[in-house]
Amino acid sequence: MPIIYDDKYPNGFIEVEHINPYLMNAPDIFVEPRPTPFFNVPRMIAGNRPTDNRNFLLTCAEMEDFIKKEPRAEKFIRQCISGKDFIHGTPRYCLYLVDCAPDELRKMPLVYQRVKNVREFRLKSKNVATRKAADKPTLFQRIVQPSTNYIFIPQVSSERRKYIPIGFMSPEIICLDPNFMVPDADLFLFGMLTSSVHMAWVRMVCGRLRADYRYSNTICYNCFPFPLFYRDEWKSRVEISAQKILDARKNYPNASYADLYDEISMPSDLRKAHELNDAAAMSLYGRLKPDMDEETLQVKLLQMYADLREHFGEGEEFEE
């Protein structure tokens, strides 16, 4: 008889009738990548790709020194975020030259040199698209920065955290790939993605970098079974609890997300806000009960996914 080993069982293991691809005693349902979500929710996309050999990117100290030497460049410097820096509260900046006219560029010799370096670096690439991007050396190779608030999801985060730290960001802050963002985001979507329901799904289906979570938009987001039907007042509960999470974070302006989401140091008001949000998100699903253990919840979500895939099919083709 198959055996599943896990510390959560009294003897460290349990004998089962069957083990599915996710090492659970559940039916053989395998989650396949989807190019689009099942539901009419905003798409989750990878962030902006500089392909710059670190000519556009600046640490805080580098940014301050650069402005002293090239004061004209200050208006073209924007804050940017990657996963590790976001979680640990390390500020990072970038030269973002989307609105930089040629005459302005030539008045900034240090910026001009960095742009020249980017062009030369891209021309040496074996990748055809990167070499083509050498024709536009003032720009990131991939620019997808939204003009609206967006949700930021780090691609990699520690599996020791109960919740992946997710950001609700303003458009002035540049999101860098390989991390993910959801433009046109609202509090409801933020609340759903930071809920225990979504986290149970992520823990089951996400990839891993060593033991850490490796989030994927095509698996974790596009395949996630959002609730099908719910009342407006239930949705409002999620919006309210999501705002409480953001408000609780603001109470600790000097704390990083690594501090806030450590299971030992997580402040009580933030934990309470997440618990309220978990209950609000759970209430939108008719099949889910608050007292479910996580494995039972995961099996229910798998079945919902299977039902959705049967109804909606595989979705559109993946983009090239």
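Odds and ends about this structure:
- The heavy atoms of ILE87 offer some 10 square angstrom of accessible surface to a 1.4 angstrom probe.
- Accessible area of segment 19-119 divided out per residue, in Å², using a probe of 1.4 angstrom: 53
- Paramagnetic label reach from ASN127 (point 7 Å along Cα→Cβ; backbone nitrogen cut-off under 11 Å): within segment 41-57, residues 49-53.
- Links that overshoot a 18 Å alpha carbon limit, given the list LYS162/LYS272; LYS116/LYS136; LYS84/LYS124; LYS69/LYS107; LYS68/LYS136: LYS84/LYS124; LYS68/LYS136
- Calculated [θ] (222 nm, deg cm²/dmol) that DSSP helices of n ≥ 4 give over the chain, each run adding -39,500 (n - 2.57): -10500 deg cm²/dmol
- For ILE174, the residues whose modelled amide H falls within less than 5 Å of its own, excluding neighbours fewer than 5 places apart on the same chain, are GLN79, CYS80, ILE81.
- For segment 245-301, accessible area per residue (1.4 Å probe, heavy atoms of protein chains only), Å²: 52
- Listed peptides 194-204, 269-279, 246-256 by packing density, highest first (mean Cβ within 10 Å): 194-204, 269-279, 246-256
- Computed on the chain, the Cα convex hull volume stands at 162 Å³ per residue.
- Counting heavy atoms of the protein chains alone, MET304 has an accessible area of about 20 Å² for a 1.4 Å probe.
- Structure remark: mean-square fluctuation, Gaussian network model of the chain, C-alpha springs under 10 Å; the largest value among ILE245, ILE219, ILE77 belongs to ILE77.
- A Stokes-Einstein calculation at 4 °C with viscosity 1.567 mPa s, built on the Kirkwood radius of segment 42-173 over Cα pairs, returns a diffusion coefficient of 81 µm²/s.
- For the chain, with all protein chains in place and a probe radius of 1.4 Å, 50% of the accessible heavy-atom surface sits on carbon or sulfur.
- Segment 61-125 shape via C-alpha gyration tensor axes, a/c threshold 1.5: oblate
- Electrostatic dipole magnitude of segment 49-123 [Cβ: Lys, Arg +1; Asp, Glu -1; Cα centre; debye, to 20]: 180
- Global form of segment 140-261, assessed from the alpha-carbon gyration tensor, a/c cut-off 1.5: rounded
- Summed residue charge, Cβ within 14 Å of ARG287's Cβ, Lys/Arg positive, Asp/Glu negative: 0
The values are calculated or read from the model by the stated rules, or taken from the named source; none is laboratory data. Quick caveat, the model's predicted, so the values are computed rather than measured. Methodologically, a virtual Cβ is constructed for each residue, glycine included, from the backbone with ideal geometry; neighbour enumeration extends over all protein chains shown. Protein only, heavy atoms only, side chains kept; ligands, DNA and RNA dropped before computing areas. Shrake-Rupley method; radii C 1.70, N 1.55, O 1.52, S 1.80 Å.
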